[in-house]
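Here the structure is laid out as structure tokens; the discussion comes afterwards.
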Amino acid sequence: MEKLAIYGAGGFGREVLTLINDINKICNKYDVLGFYDDGHSAGEVINDYKTLGGIDALNSVTESISVVLAIGSPSIKRCILEKIINPYVKFPTLTHPSVMIGDEKYVSIGQGCIICGGTIITTNIVINDFVILNLSCTVGHDTEIGRCSAFMPSVNISGEVQIGEDVYVGTGAKIINQLSIGSGTIIGAGAVVAKDIPSNCTAVGVPAKVIKYH
């Protein structure tokens, strides 16, 4: 079995633990060691698993270990990635058994991604490293999603959409086809993106409008 730890012991980290358990019900693949989290004391028990320490403890591991980053915020995830310098750490992609991929030959998914239950991915799609697709998202044809972007539950991405790096899309948002969203942008929950959205801004509403730049 592959030794695996979850970085992030918050609510999403516990949801990722349930995802791993669902994978193991189908194929006994992962031996879960526990959580890493700088916000919790080493030895603290969370959902029956111990907290193993923080970044320093992870960087001190001297054997191969798989780590999944259960961090919803793209900027925080980037910061953590920069601090993980241990060559023994690798980042598997976790895909819930219920995920539907229309044509795996034409779908590329990078390392460190988390694809949650009920998500549908069709064809000719590129999902770059460390992307989160939370529960029941849909991704349409000819879409590319940039590194470290995160999509909360029930986000619908239509076909031919280009999404930059470090984009955060809130629950239930909808992105119409043939649009682009620039890197570092936040799309509010329930928004309907009906035109291109630039980089480094926050857009909300129906239709989505930019309300501030970062």
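The values are calculated or read from the model by the stated rules, or taken from the named source; none is laboratory data. Predicted model only: the values in this text are computed from it and were never measured. Neighbour counts run over all protein chains shown; Cβ positions are idealised from the backbone, glycine included. Note: areas computed on protein heavy atoms with side chains; ligands, DNA, RNA excluded. Shrake-Rupley method; radii C 1.70, N 1.55, O 1.52, S 1.80 Å.
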**OP:** Quick one: work out the % antiparallel among DSSP beta bridges in the chain, nearest 5.
**Re:** 10 percent
Subject >> Local electrostatic count, residue 22, Cβ distance below 14 Å [Lys/Arg +1, Asp/Glu -1] >> reply: +2
**OP:** Quick one: net charge around residue 112, please, counting Lys, Arg +1 and Asp, Glu -1 for every other residue with C-beta under 13 Å from its C-beta.
**Re:** +3
**OP:** Calculate, in nm to one decimal, what residue 1 and residue 108 gain on full extension: separation in residues at 0.36 nm each, minus their alpha carbon distance.
**Re:** 36.0 nm
Subject >> Total lysine pairs under 22 Å (Cα atoms) in the chain, excluding pairs fewer than 8 apart on one chain >> reply: 18
Original post:
Do you know the relative contact order of the range 88-167, to the nearest whole percent, from alpha carbon pairs under 8 angstrom that are 6+ apart?
Top reply: 23 percent
Original post:
Tell me, what does the Kirkwood hydrodynamic radius of the range 50-110 come to in angstroms if you use every pair of distinct C-alpha atoms?
Top reply: 13.9 Å
**OP:** Would you mind putting 141-147, 189-195, 173-179 in packing order, based on average other-beta-carbon counts within 10 Å, highest first?
**Re:** 141-147, 173-179, 189-195
Subject >> Relative contact order for the chain, counting Cα pairs under 8 Å that sit 6 or more residues apart, in percent >> reply: 11 percent
**OP:** Note down the net charge around residue 208, summing +1 for each Lys or Arg and -1 for each Asp or Glu among other residues with Cβ under 10 Å from its Cβ.
**Re:** +3
Original post:
What order, most packed first, do the peptides 36-44, 131-139, 82-90, 96-104 have when packing is the mean number of other Cβ atoms within 10 Å of each residue?
Top reply: 131-139, 36-44, 96-104, 82-90
Subject >> Sum of -39500 (n - 2.57) over DSSP H runs of 4+, divided by residues of the chain (222 nm, nearest 500) >> reply: -4500 deg cm²/dmol
**OP:** Could you list the square roots of 5 times each eigenvalue of the Cα gyration tensor of the chain, that is, the equivalent ellipsoid semi-axes, sorted largest first and rounded to whole Å?
**Re:** 30, 19, 15
**OP:** In debye, nearest 20, what is the charge dipole magnitude of the range 122-214 about its Cα centre with +1 on Lys and Arg Cβ and -1 on Asp and Glu Cβ, if you could check?
**Re:** 360 debye
**OP:** Treating only the Cβ atoms of Lys and Arg (+1) and Asp and Glu (-1) as charged, compute the dipole magnitude of the chain about its Cα centre; round to the nearest 20 debye.
**Re:** 360 debye
Original post:
Just the accessible area per residue of the chain, please: how many Å² with a 1.4 Å probe?
Top reply: 45 Å²
Original post:
Ignoring any ligand, DNA or RNA, what whole percent of the accessible area of the chain comes from carbon and sulfur when the probe is 1.4 angstrom?
Top reply: 51 percent
